[in-house]
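Remarks on the structure that follows.
The values are calculated or read from the model by the stated rules, or taken from the named source; none is laboratory data. On a predicted model such as this, the values are computed, not experimentally measured, just so you know. FYI the Cβ positions are ideal-geometry reconstructions off the backbone, even for glycines, and counts take in every protein chain you see. The accessibility values were calculated without ligands, DNA or RNA, using every heavy atom of the protein model including side chains. Shrake-Rupley method; radii C 1.70, N 1.55, O 1.52, S 1.80 Å.
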Protein chains: 2
Amino acid sequence: MQGTQNLNALEELVRQSVYRQLGLDKSTAATAPNKLLVNISARHCHLTQEAVEILFGEGHQLTPKKWLYQDGQYAAEEAVTLIGPRSRIISNLRILGPCRDINQVEIAYTDARALGFDVPVRQSGDIEGTPGCMLMGPKGYFKMDKGVIRAAIHVHMSPEDAAHYGVKDKDFMQLKVHGECGLTFDKVFVRVNPDFKLEVHLDTDEGNACGLGENTVCELKKIK
Amino acid sequence: MQGTQNLNALEELVRQSVYRQLGLDKSTAATAPNKLLVNISARHCHLTQEAVEILFGEGHQLTPKKWLYQDGQYAAEEAVTLIGPRSRIISNLRILGPCRDINQVEIAYTDARALGFDVPVRQSGDIEGTPGCMLMGPKGYFKMDKGVIRAAIHVHMSPEDAAHYGVKDKDFMQLKVHGECGLTFDKVFVRVNPDFKLEVHLDTDEGNACGLGENTVCELKKIK
């Protein structure tokens with residue numbers, strides 16, 4: 001415990017030094033109740049239990065492979081093959097669990113272009129009018145009539161985080177990413193829920209565009 | 001000619017209307033001497049004449065397929081296969097002509113990750129200490145000891161453009177991209193040359209991250 005406390009103190013000193021050097025506003029970032037995580041979501045899908053059983057067999061349950069930062073969410077052992085409109089495929093499309101009540105595939109524009117898809121940018125769950133696709137699993141095919149989207153950049157936060165930043169559910173914020181490929185995402189959608197931990201989700205295009213790495217300094221800002 | 005003039009006038013009216021609706025600063029953008037183009041450079045390479053002859057045969061000359069916006073630059077008919085460090089490949093890597101005095105491969109981070117490359121962000125021509133690769137053409141292989149980079153975002157401009165924006169060669173500017181995936185690139189490297197036409201080059205990750213399309217409104221801004 002003593003060692004952990006020393007490490008935390010050291011980490012805080014380093015963070016303060018970095019913030020000073022970058023001229024960051026300590027009043028919003030360094031005093032935040034929770035540390036900001038910015039993570040890249042590689043392409044993946046969310047499926048209903050019905051779809052899982054069609055693809056993997058009757059009664060099949062997803063197996064957690066890696067727990068994600070948001071409580072209860074996981075990358076499953078199971079993956080599917082996505083077949084696009086021109087019969088081009090993406091293999092090993094990871095399923096995220098647990099099962100949901102809709103089927104949704106989230107890919108980046110780079111993936112969409114490679115497949116020949118014209119996919120819209122949507123918030124998760126907002127899939128009316130979006131293109132469908134075919135999924136292939138070891139036990140069968142599952143046809144999605146809709147649900148292929150590029151997920152809009154968003155931040156998960158608790159009411160405590162929202163109060164700190166002065167924002168509310170469905171607001172937009174900015175995310176400034178420092179570094180040699182520095183950029184500012186101007187439309188980060190805010191999702192507030194007591195179960196959420198403070199985390200921004202980028203897709204692979206966004207993460208690669210800004211060169212996001214483990215030590216990249218990021219700032220979440222209220223739009224003035 | 002009359003028709004062209006009418007079209008230009010119409011285009012200017014539409015542009016002014018869009019600018020007003022977006023609340024853009026007319027003083028920098030709408031009064032600029034030249035219209036700003038923002039284009040996506042897909043992965044490509046620049047080669048020496050020597051490399052072209054090793055890959056395509058003695059005496060081979062590149063054939064222009066499509067002229068680019070910058071005068072004299074073209075995408076060639078010729079393409080090569082790039083072989084990465086784990087023997088993964090990218091086929092149809094386009095050669096841009098005319099030949100240069102160095103060999104340089106420009107790929108996006110998404111490409112680099114797929115290939116297993118760890119490539120640095122560099123300005124074109126600054127290739128010391130960068131990884132190499134193997135290129136394969138119809139007549140032979142060419143080993144590059146260095147030269148694989150992710151090209152840093154940059155803007156080509158004439159001295160007239162530089163004077164308008166109040167910047168000089170090797171400065172950095174910001175590029176604000178509007179739209180539903182709006183973002184601001186904070187470090188756009190300025191390259192001034194009398195032969196240059198005003199044009200920002202993004203790579204595919206950057207272009208896909210901001211959803212750049214034909215009608216996307218972009219603003220180049222001096223950093224204050």
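Yes/no matrix, rows are residues, columns are (1) without any contact (Cβ under 8 Å) to a residue 12 or more places away in the chain; (2) within 13 Å of chain A (Cβ to nearest Cβ); (3) open to solvent by 30 Å² or more (accessible area, probe 1.4 Å); (4) of a type in the set (Val, Ile, Thr):
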| position | (1), (2), (3), (4) |
| --- | --- |
| B:Pro159 | no, no, yes, no |
| B:Tyr165 | no, no, no, no |
| B:Leu183 | no, yes, no, no |
| B:Asp186 | no, yes, no, no |
| B:Val192 | no, no, yes, yes |
| B:Asp195 | no, no, yes, no |
| B:Cys210 | no, yes, no, no |
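Just one of the numbered conditions (1) open to solvent by less than 70 Å² (accessible area, probe 1.4 Å); (2) at pLDDT below 75; (3) not β-branched (Val, Ile, Thr) is not true of A:Asp25: (1).
Whether a residue is in contact with a helix residue (DSSP H, G or I) (Cβ under 7 Å, 6 or more places away or on another chain) and either in contact (Cβ under 8 Å) with a residue 40 or more places away in the chain or over 17 Å from A:Tyr109 (Cβ atoms) (or both) was assessed, and B:Glu199 does not pass this test. Scanning the stretch B:56-88 for residues that are free of Cβ contacts under 8 Å to residues at least 24 places away in the same chain and either out of contact with any Asp or Glu (no Cβ under 7 Å at 6 or more places or on another chain) or aliphatic (A, V, I, L, M) (or both) returns B:Glu58, B:Gln61, B:Lys66, B:Trp67, B:Ala76, B:Glu77, B:Ala79, B:Ser87.
Screening B:Val119 against (1) surrounded by fewer than 19 Cβ atoms within 10 Å (Cβ to Cβ); (2) under 18 Å from A:Ala209 (Cα atoms) leaves a single unmet condition, (1). Just for the stretch B:197-208: of the residues that are open to solvent by 30 Å² or more (accessible area, probe 1.4 Å) and more than 8 Å from every other protein chain (Cβ to nearest Cβ), which one is farthest from A:Ile40 (Cα to Cα)? Checking each candidate, the answer is B:Lys197. Residues of the stretch B:100-148 that are part of a loop (DSSP other than H, G, I, E, B), away from every other protein chain (no Cβ under 14 Å) and under 14 Å from B:Leu82 (Cα atoms): B:Asn103, B:Gly116, B:Pro131, B:Gly132, B:Gly137, B:Pro138, B:Gly140, B:Asp145, B:Lys146, B:Gly147. Any residue in the stretch A:88-107 that is modelled with pLDDT under 90, under 30 Å from A:Ala163 (Cβ atoms) and either open to solvent by 30 Å² or more (accessible area, probe 1.4 Å) or touching a Pro at 6+ places or on another chain (Cβ under 6 Å) (or both)? No, the stretch A:88-107 has no match at all. With respect to being open to solvent by 20 Å² or more (accessible area, probe 1.4 Å), more than 14 Å from the chain's Cα centre (by Cα) and more than 14 Å from chain A (Cβ to nearest Cβ), B:Lys170 fits the description. In the stretch B:212-223, the condition of being farther than 27 Å from A:Thr204 by Cβ, away from chain A (no Cβ under 13 Å) and in contact (Cβ under 8 Å) with a residue 24 or more places away in the chain is met by at least one residue.
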